[in-house]
Structure formats: C-alpha cells, structure tokens
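Here the structure comes first, spelled out in structure tokens, and everything after it is commentary.
The values are calculated or read from the model by the stated rules, or taken from the named source; none is laboratory data. Please read all numbers here as calculations on a predicted model, not as lab measurements. No Cβ is skipped: glycine too gets one built from the backbone with ideal geometry, and neighbour counts run over all protein chains shown. Calculation scope for accessible area: heavy atoms of the full protein, side chains included, ligands and nucleic acids excluded. Shrake-Rupley method; radii C 1.70, N 1.55, O 1.52, S 1.80 Å.
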Amino acid sequence: MEGKCDMYVFSLLGRFQMMGESGVLNEETMRSEMLVKLLSFLITNRGYALNVQDLVSALWQQDETDNPEGALKNLMYRLRIMLKKAFGEECFILTKRGAYAWNSEIKVLVDSEEFERHYTEARKPNISRAESIAAYEAAMDLYQGSFLSKYTDLHWVTPLSTYYHSLFLSGAKELSDSYIAVARYSDVEQFCARALKLDSADEHLHYNMLKALIFQKKKDLALEYYNKVEKLLHSSYGEQHLELLETLRDELYQIQTASQAAQIEVIHQNMQEEDVTGAFICAFPIFKEIYRLEARKIKRFEIPEYVVLLTLEYHKRLSKDNKKLEDFLLGKMMDKLELILKDSLRVGDVASRYSDSQFIILLPSASYEAGMMVANRIIQKLYQETKHKHIKVKTDIEEVTVTEPFHNTDQTYQRSCQQ
C-alpha cells in the first residue's frame, strides 16, 4: 500500500481539479462530466452521509435516466477505481447503510472554502488595512472563475455560484478601494483589469480603474477607456446606471485640456472635427447636454425642435431557447441603424444610443411632420438593408422643452417588417 497523502487540494472555482502528491485529476483526465459532478458533490458535502436520492437528484434531472440507482452504483464504482489509480489504495469513499460519504480521515483543502475564509478574515472589524489588503489579495488569487463554471445548470451549483461570485465582487471593490486609499494605483490598474475579465459589467470596478489611470496621469488612456466603458455599460444597463462614471467625465475632459494655457487659435483648432459629414453620433450624457442647450435656445427664439426615439422590438420571437441569437441579431440591427443614422441625417442632427435596443435623435429646426418623415425614411432604409422579418421599429416623437424631460408619448408610429 502506497503512503498516504497529507492533504488533497480541490479547485472548484473555475475549472475542476483534484491534486495529490502522486497525481492530478481534472476534467480532461477524468473524461466524464458525470464523474466530475459526482466527486464535486461528495467534496462539497463531505461530512454528510448522502443517500441515493440525494445523489441521484444532484446528478440527473427528473426522468433523465431509466435506472438512476443502477447508474449511480456504476458511477460510484468507476470513481473509486479512478481515485485508486490516480492516488493509491486509500479508501476515499465510504458506504454507510445505503448512503455514501467522503472518508473524513482523508484531509482536503477546497479553494472555494479557503476563498470564503480569507474574505471573512479581510472584513474583521479590528484588522489593520495592511492585513485586510493581504487577506483580500489571498481571496482574489483563489477566485479563478465561477463555482464549477461548466455545471451551473445543476440545481445545487447555481446558488453556490451566485454566492461565491457575490463575495468576489464585494471583495474586488473593497480591495481596489483600499489600493486607492494607500495610493497603490498601479496595483489598482492591474487588479481591476483581471477582475473585469470575470465580470465586465461592474461599474464600480470600471470607476476604480479610471481613477487609477487618472492618478497615474495616463490621460489619453483614461479618456479612451471611459468612452469604451460608457458605451459598454450604457448599452447593457441604460443611462440610469452610470451615475458613478458620470462623476469622472468632467474631470477627464478637464485633464485633457489643463496641461497648459493656449491661444484661442490653438483651442479652436483643438475643438474642430476632422469629419463633419453626416449626423453627430455621441454618448447619451453628451446628447443630454446638447438637448438642454437646444431647449434653452427654443425658450429664447421660439423655434420648435423635436426628439425622435427609435425602438427595435421583436414582434415574433424566434423561439423560447434562442435569446442569445435574438440578442446577437438585435445588436447587428443596432449597428446597422447607427450607420444609417450617420449617413441619412443632416450635419446638425444629433443621435445617441439610449439602450441596447434604442436610438434617440435630436432634430433642430424640424417640425413634427418633418420629424416623422425623417423617421419613416430611416426605418425604410433599415428594412431594405437588413430584411429581417422578426424585428419592428417603433417610433416616438416629442417636442423639445425646457421643463419636461423626454418621455414616450401616446402618439406613436409603428411599422411591421412584413409590410
């Protein structure tokens, strides 16, 4: 009999792996998702005797196998043989009166549990900032992805995946905040870049990344990053979720121009556009400022202007299970619509992506009728160039005002792609 290993190390955050002194088991070497699921469930619930029903429910959906008890017995036999081949003669799995359990005498270290332990340590009330940072760093190093990321469809994996990811996001924000507090800006940049690969939609992490770039005086990179992230988050969540990033926008543009005093000719040249053809396409925060300026002009000169909201909607779903395809097609339609808006509108017109399915357009010196004609022309061109029969375009139009923000009206114009 081979010597016993003092400790077996399990990785469950991201990809599965079991490592001992004499070998390694992972998804590639085990060559069976069912064996990975079974071993992961046993480890996650070690300390408990798991009856057949517990294990069958953890591994298969209802009626997925005709003989679940027989299938489980076969899987358990294969798993024992595999563990023996990889790590020796130890009795890893015990049978107890119709139930199975991990042998408590065999010690294990599980990354998800260590991750949670370090996270808890970092948040202790009397801990120093340096100790808290070290504990958060240890936790973040362990989080290599969501809990058993390939098996999130399993009913017992989903809540654990959600729980550990919530701890990761909370810890990532706290760690990056602490780095900023002690002026470790390079560490903020490197850490946020890694953390955002695991969750690219967290505004707080993008905010701290931008702060780090600003503090390091990487002004061009910061401006480029802001424009990219603003478009990403605005497309995903809409304008109401960008308050945190908005606090940096004015600071970024001040940084861009505050390096030295300049003559008016230089300033004028710096403000000029290289391409003055077509409509001005901009981010929504900029659109909002232009809208407010135009509203002030209207109050002074009493020249009517209108805003048009174009909304892409599915009037016929592809199928219940095709949301990813629908999102992809909708994104392609929005990209095409942006090109059409730039080419079809006047030089003085302004357009912005309001959400992942909407564009808002400001039409200076245009009547209601002219606004509807513009919308009709754009929609017709979109249908001609895409020929997608499942998406319709809804049009809302409203007059620019000083006191009331833009909102949908009862006067709408709708066209079906089948027309």
Proximal lysines to Lys197, defined as alpha-carbon separation beneath 24 angstrom and excluding residues fewer than eight positions away on the same chain:
Lys150, Lys173, Lys211, Lys217, Lys218, Lys219, Lys228, Lys231, Lys323, Lys324, Lys332
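Which value, in Å², gives the accessible area per residue of the range 22-73 when a 1.4 Å probe is used on the protein heavy atoms?
Normalised by residue count, the accessible surface of the range 22-73 is 55 Å².
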How much accessible surface does Thr386 have with a 1.4 Å probe, in Å² rounded to 10?
40 Å²
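Highest mean first, what order results for 134-142, 15-23 on Cβ atoms within 10 Å? Don't jump to the answer; show the numbers that get you there.
On the way: 134-142: 19.3, 15-23: 17.3.
Put in order of decreasing packing, that is 134-142, 15-23.
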What's the local net charge at Ser132, with K and R +1, D and E -1, over the other residues with C-beta under 12 Å away?
-2
Dipole size in debye (nearest 20) for the range 1-55 around its Cα centre, Lys and Arg Cβ +1, Asp and Glu Cβ -1?
120 debye
Positive end of the dipole of the range 103-239, charges at C-beta (+1 Lys, Arg; -1 Asp, Glu), about the Cα centre: which of Ser149, His204, Leu160 has its Cα farthest in that direction?
His204
Of 378-385, 286-293, 352-359, ordering from highest average Cβ density within 10 Å down gives 352-359, 378-385, 286-293
Sequence-distant residues sharing a close amide H with Phe16 (under 5 Å, placed H)
Glu27
Work out from phi, with θ = phi - 60° and the Karplus expression 6.51 cos²θ - 1.76 cosθ + 1.60, the ³J(HN,Hα) of each residue of the range 180-192, listed in order in whole Hz, and give x for Gly and Pro.
5, 4, 10, 6, 8, 5, 5, 5, 4, 4, 5, 5, 4
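Leaving out ligands, DNA and RNA, and with a 1.4 Å probe, what % of the accessible surface on the range 1-151 is carbon or sulfur?
Working: 3820 of 8320 Å².
The computed percentage sits at 46.
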Amide H to amide H, which residues 5 or more places from Asn103 or on other chains are under 5 Å from it, using H placed in the peptide plane?
Ile93, Leu94
What list of ³J(HN,Hα) couplings, whole Hz, do you get for the range 302-308 from phi and the Karplus terms 6.51, -1.76, 1.60, once you set θ to phi - 60° and write x for glycine and proline?
6, 9, x, 9, 10, 10, 10
